[in-house]
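I have placed the structure first, in the form of structure tokens, so that the comments after it can refer back to it.
The values are calculated or read from the model by the stated rules, or taken from the named source; none is laboratory data. This is a predicted model, so every value here is computed, not measured. Glycine gets a Cβ as well: all are built from the backbone with ideal geometry, and neighbour counts include every protein chain shown. Areas reflect the complete protein model, heavy atoms only, side chains present, ligands, DNA and RNA absent. Shrake-Rupley method; radii C 1.70, N 1.55, O 1.52, S 1.80 Å.
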Amino acid sequence: MTRTARSDGSNLSTQQLDALRTKVNGKVVVKGETPNEEYRPLIERWNRLHVKESNIIVLPESEDDISTTIKFVAEHNLDVTISCGRHTYSGPSSGFGLVIDMRNMRKVTVDAEKKTAKAQGGCIAGDVEKAAESVGLRAVMGAVNATGVGGITTGGGVSNLSGQYGLVADNVVEARVALADGRIVVASETENPDLFWGIRGGGSNFGLVTEFTYKLHECDHEVYGGFLMFSPDKTAKVISMLSTLHSDSIMKSNGKFAATAFFGSMGGVLMPGFMVYYDGPEDEAKKWAKPLFDLEPLTPPSHCGMSPHTATTDWAQFEKLFPPQFNRILGTSTQMDYPIDEAVMTKAVNLYNEVISRHPENLAVSKLIIDLRDYSKIASVPLDATAYANRREGMLIAADFIWDDPALDEEVTAAAKDWMGKVRAMIKESNSQKGIADVGAHVAATTLYALITDGEEKLQAVFGPNLLKMKQVKAKYDPNMMWNKWYPVEPESTS
Ligand SMILES: Cc1cc2nc3c(=O)[nH]c(=O)nc-3n(C[C@H](O)[C@H](O)[C@H](O)COP(=O)(O)OP(=O)(O)OC[C@H]3O[C@@H](n4cnc5c(N)ncnc54)[C@H](O)[C@@H]3O)c2cc1C
């Protein structure tokens, strides 16, 4: 099926735009008409590589506003984009046409008795975490509070709490979804279950989620978190402890201990380090993290300690590490089976360093992230239970190439993709030597973390064995591909 070309809205008359304005309570912002000081901040993104000058931005205040806007989009065959926390890597929340920007819909209602939270589709993770924490509960969200619930939930969402409670998407019990014809429907195990299946890992393929209902979890204690940095000469030791840290600490902690290794460029020199998280008391945390402290970090012990869970996700503490001019980002990821191949990992780090060293000052805050956590809970959910297709135990390797100068866009983007291609080829070769074949229930899962990609992966790599069902659900809920920004699948009818 070929997609019908959609208009970017630049041809709409003032009367047509006024007709939208009179029906919508929220703001309707129009490029060239709305003053720049109001317009510009609205198109800003965490990743400046994807700033696009949208012709129309609607900031809905209610489901009615959303419904009306979608009907307007359908009537004028407009290109439409949904945006929430604007923290995507690959830019599917930026568009030249009409953007439905959910930032003014951030209400959270907690039911402490039922242990659920209803969060409007424009919330950021921190909104839900704080509301839950205020009544002694907690929500499963990502590692930082600034990411939007819209992207992280519909894309899957891995959290420091995932070892115990699964993905962010696994904690959704119900959602309200605005469809391509403007209707708002409920999606749950009992109502529109195919839509409910699709919005948990299928991204924005099926509609705009106006509200998520999340399961919350008891929390009556503080948690342990922080980071440790090591001198560059400890790189080999850090790599060689990854598998044992996973088997001897992470997998023995009942999903409570997670460690994210990183190789961070400090002005062009790669420094190894770890972010640690433990959902329990300090003495236990220190037991699990002992191999790291034994490696004699440069950072003082005060960099790790007890705090409320929400303090560990506070984006402000991470943001300090990224001066504002470093705002062009290419993120890419893959996965390696345990026990990891140290030779391949070492080569991956060296090749990454090689790219960074070409422009040490421009790529000064780039980082290579190695995520170690217990995936058993995530992998315990059958692969076909939701659209999310990466329920595979393994070590996530995610590279952030972060630079400042727009003149380097093409070069760094190409180098980052080349790096990822080489790493994937090395992993494939290593797997074949180890006899890990690309068949079977475990390996049928994808090895891609689709929320950290350049947006150009093949659909098969993103949705794996769930791709066919994705296409069938698409045919039912969005046959004309109104929602076509994040790995859009072509509709395929079952008849
Ligand atoms: C600093 C940082 C830290 C991160 N940490 C983690 C982490 O710990 N774990 C993890 O899993 N991921 C993590 N990510 C990845 C993050 O989850 C994704 O980038 C996610 O897409 C961001 O969501 P957003 O709403 O902020 O983005 P946006 O750019 O606003 O949207 C992303 C996508 O979601 C769609 N969308 C947004 N709102 C809705 C909605 N209401 N209904 C339907 N579709 C919608 C958009 O159309 C777009 O396709 C991190 C990203 C960053 C930048």
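More than 9 Å from the ligand (Cβ to nearest atom) and within 22 Å of Ile100 (Cα to Cα): does that describe Ala180? So Ala180 fits the description; yes. Tell me, please, whether a residue that is under 28 Å from Phe322 (Cα atoms) and β-branched (Val, Ile, Thr) can be found in region 59-80. No, the conditions are met nowhere in region 59-80.
Just one of the listed residues (Val158, Val144, Val140) is surrounded by fewer than 22 Cβ atoms within 10 Å (Cβ to Cβ), more than 20 Å from Pro60 (Cα to Cα), within 12 Å of the ligand (Cβ to nearest atom) and touching a residue at least 60 places away in the same chain (Cβ under 8 Å), namely Val144. Restricting attention to region 161-215, and to residues there that are among the aromatic types (Phe, Trp, Tyr) and surrounded by fewer than 24 Cβ atoms within 10 Å (Cβ to Cβ), which single residue is nearest to Asp371 (Cα to Cα)? Ranking the qualifying residues of region 161-215, first place goes to Tyr165. Within region 285-331, the residues that satisfy the criterion of being open to solvent by less than 30 Å² (accessible area, probe 1.4 Å) and either outside the structural domain of Met229 (by TED's automatic domain parsing) or aliphatic (A, V, I, L, M) (or both) are Ala285, Ala289, Leu292, Leu295, Ile329, Leu330.
For the criterion of being surrounded by fewer than 21 Cβ atoms within 10 Å (Cβ to Cβ), of a type outside the set (Phe, Trp, Tyr) and not assigned by TED's automatic domain parsing to the domain that holds Leu270, Glu429 fails. Report yes if Glu282 is within 16 Å of the ligand (Cβ to nearest atom), more than 30 Å from Ser432 (Cα to Cα) and either of a type in the set (A, V, I, L, M, F, W, C) or open to solvent by 30 Å² or more (accessible area, probe 1.4 Å) (or both), otherwise no. Against the criterion (within 16 Å of the ligand (Cβ to nearest atom), more than 30 Å from Ser432 (Cα to Cα) and either of a type in the set (A, V, I, L, M, F, W, C) or open to solvent by 30 Å² or more (accessible area, probe 1.4 Å) (or both)), Glu282 does not qualify. Among the conditions (1) open to solvent by less than 50 Å² (accessible area, probe 1.4 Å); (2) away from the ligand (no atom under 15 Å from the Cβ); (3) among the charged types (D, E, K, R), the only one that Asp478 does not satisfy is (2). All conditions in (1) away from the ligand (no atom under 13 Å from the Cβ); (2) outside the structural domain of Glu44 (by TED's automatic domain parsing) hold for Cys123, with the sole exception of (1). Against the test of being modelled with pLDDT under 95 and of a type outside the set (Gly, Ala, Ser), the options Gln433, Gln472 yield a single qualifying residue, Gln433. A single entry from Tyr352, Tyr338, Tyr388 fulfils the requirement of being open to solvent by less than 40 Å² (accessible area, probe 1.4 Å), under 30 Å from Trp197 (Cβ atoms) and touching a residue at least 60 places away in the same chain (Cβ under 8 Å): Tyr388. Of the strands (runs of 3 or more DSSP E) contained entirely in region 73-116, those carrying at least 3 residues that are open to solvent by 20 Å² or more (accessible area, probe 1.4 Å) and either touching a residue at least 40 places away in the same chain (Cβ under 8 Å) or away from the ligand (no atom under 12 Å from the Cβ) (or both) fall at 108-111. Only residues that are in contact with a Lys or Arg (Cβ under 6 Å, 6 or more places away or on another chain) and either of a type in the set (Asp, Glu) or near the ligand (Cβ under 10 Å from one of its atoms) (or both) were counted across region 126-137, and they come to 1. The set of residues from region 216-261 being among the β-branched types (Val, Ile, Thr) and either open to solvent by less than 20 Å² (accessible area, probe 1.4 Å) or in the same structural domain as Asp65 (by TED's automatic domain parsing) (or both) comprises Val223, Val238, Ile239, Ile250.
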